[in-house]
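What follows is calculated from the coordinates using simple rules that are stated; it is not laboratory data. Because the structure is predicted, anything quoted here is derived from the model rather than measured. Heads up, the Cβs are rebuilt from the backbone with ideal geometry, glycines too, and the neighbour counts pull from every protein chain shown.
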């Protein structure tokens, strides 16, 4: 009985172990792999994305990374996050292989996608997906000498800090002097003017600002450039064409002779017009020089002394003299008039008042001889 019971218990234990193994295998089968696994790599920013239909407790995702030059530990992403940042995989000297697994506990799904995703920043890589960076914005200006001038910032200022080699240099020198400016890597690029029969020209730049000139057709109003470059084996591609902001302006110096000639012609025409106008408006019988105000004014302002003009004095003439020469002489004598002036005046006033009207004597004074040595003034009777 005891032996039979032991055998039964042993068989029961084997069954339980078998069932447990079957359950574990069943659970592993039911962990679905992710779908729509996609890699976005651009401008040294790399993002791996995927989809998953079921959200389960304890669900995680494992990003597997394989490279040629070195080994990386898997990246664990907690659900519900469905992406992983793998920007550190940007060394152009290496190729990268990535896949994703769904993990629940100790169980894991198959890798997705089955054919793996291969990518690299090396421009000549054989990877399925080659990553690149954008060309910096280019400023284009048309010159008066028929050339096109361009300038832009070195792309290393934007992307060099994400390169593994740059990170290693920073790590080695950060304890020595953090303010030391590291040299920029060499950037080679090709530039060509669109719609012109010219081959692309290659330039090299290690400065913070890259610039150059290209010959262009001066007959075109607008110039556009097509550019591409290479930075530490990474392709630098332009997303657009870069054109001049304004139309080409011709050399303004050629207009100077034309302007001078035009001014000379205008001056000659104005002088001829003035001569003709002066002849047309000139009087046929000019006035005497003495009556021309402009002539006299010119003489006064120029300081020229002119001959004085003699104007004869004209005295008024009476038809009959009122006084004889002798009477005039007496008239002009103040001493003789002073002795009798008051008396004669009073007599004239009295006579006028006594008669009440006009006097019969003229008020004109005449000399009356009283004696050979004495004369007096009198009045002549009206006729």
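General remarks:
- Normalised per residue, the volume of the convex hull around the Cα set of segment 191-251 (Å³): 116
- Label separation (residue 71 vs residue 115): 2.9 nm, computed from points 7 Å beyond Cα along the C-beta direction.
- Packing-based order for 66-74, 40-48, using average beta carbon neighbours within 10 Å, highest first: 40-48, 66-74
- Taking other Cβ atoms within 10 Å as a rough exposure proxy, 260, 103 sort from fewest to most as 260, 103.
- Over segment 31-130 - Rg/Rh using Cα atoms and the Kirkwood inverse-distance radius: 0.98
- At R0 = 41 Å, FRET efficiency that the Cβ-Cβ distance of residue 93 and residue 221 yields, to 0.05: 0.35
- For the pair residue 228 and residue 60, a Förster radius of 35 Å applied to the C-beta separation gives a FRET efficiency near 0.25, rounded to the nearest 0.05.
- The stretch between residue 82 and residue 376, if pulled fully straight at 0.36 nm per residue, gains 90.2 nm over its current Cα-Cα span.
- Fully extended contour minus Cα-Cα distance, from residue 53 to residue 197, at 0.36 nm per residue: 46.2 nm
- Equivalent ellipsoid semi-axes - Cα gyration tensor, segment 37-92, angstrom: 23, 14, 8
- Counting beta carbons within 10 Å around each of 32, 221, 377, 232 and listing the fewest first gives the order 221, 32, 377, 232.
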